[in-house]
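None of the figures in this text is laboratory data; all of them are computed from the coordinates on show. What you see is a predicted model; the values in this text were computed from it and never measured. Quick reminder, even Gly has a Cβ in these numbers, built from the backbone with ideal geometry, and neighbours come from all protein chains shown.
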Amino acid sequence: MEIKKREKAYNGYFKIYKLTVEHQGQEFTREQFERGHAVAALVYDTVQQVYILTKQFRVGSESELIEVVAGMIDEGETPEASIKREIEEEIGYHVDKLEYLHTFYSSPGGTTEKVTLYYAEVSAQHAAGGGNAHENEHIELVKLTAQEFDELETPDAKTIIAQQWVKLQRK
């Protein structure tokens, strides 16, 4: 398959492109949702011995979700700097240790978004967290024991991947 043409179909908070694709002599169109690149981290407080997740309203699911800390990488920012910033903004902790886990597409059938997932250890909360008011973020901290995190039922893929990583570490 080859992309022959790319046109911007929508340019708002998100961007949508109309692609003309050729495959075996046939052309067809597809829409592509330009989402950018995201970071996420499973955060573990080594002093309290709990996982720290967030609870916030998500437009895509039209509901509140409990999920690992996550956000978008700002222009010119490295994924590592971005996730450290997100952890500070969302839950108010400085990162003591950061370990890269995976990079994956969230939904490659129609969106460009890649998520870089980390495991982060923290030990002292220095601010309240809660997100940035200017970004209309209203984030609650959720602290879960290892068992509670293991038993958490969530529709959020990045959090499910983090749960599976924790289970694999036990073997």
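Annotations for the structure displayed:
- Nearest-ten-degree value, helix 79-91 long axis tilted from longest Cα axis of the chain: 50
- Our helix-only sum for the chain, with -39,500 (n - 2.57) per DSSP H run of n ≥ 4 divided by its residues, gives a mean residue ellipticity at 222 nm of -5500 deg cm²/dmol.
- Whether region 56-119 is rounded, prolate or oblate, judged on the alpha carbon gyration tensor where a/c under 1.5 counts as rounded: oblate
- Under the combined filter of DSSP loop state and at most 10 neighbouring Cβ atoms within 10 Å, region 14-92 retains these GluC sites (Glu not before Pro): E62, E75.
- Expected-Rg normalisation [2.2 N^0.38 Å, Cα atoms] applied to the chain: 1.17
- Listed by chain and number, the lysines placed with their C-alpha closer than 24 angstrom to that of K158 are K15, K55, K84, K97, K114, K143, K167, K171; residues fewer than eight positions away on the same chain are left out.
- Cα-based shape type of region 72-171, given that a ≥ b ≥ c are square roots of the gyration tensor eigenvalues and the cut on a/c is 1.5: rounded
- Straight-line cross-link partners of K18 among the aspartates and glutamates, defined as a Cα under 19 Å from its Cα and at least 8 positions apart when in the same chain: E2, E7, E27, E31, E34, E113.
- Looking at region 36-169 alone, DSSP beta bridges between its own residues are antiparallel in about 75 percent of cases.
- Derived scalar couplings between HN and Hα for region 105-113 equal 7, 6, 7, x, x, x, 10, 8, 4 Hz in order, rounded to whole Hz, by the Karplus curve 6.51 cos²θ - 1.76 cosθ + 1.60 (θ = phi - 60°), x for Gly and Pro.
- Pairwise FRET efficiency - T145 versus S106, Cβ, R0 = 25 Å, nearest 0.05: 0.35
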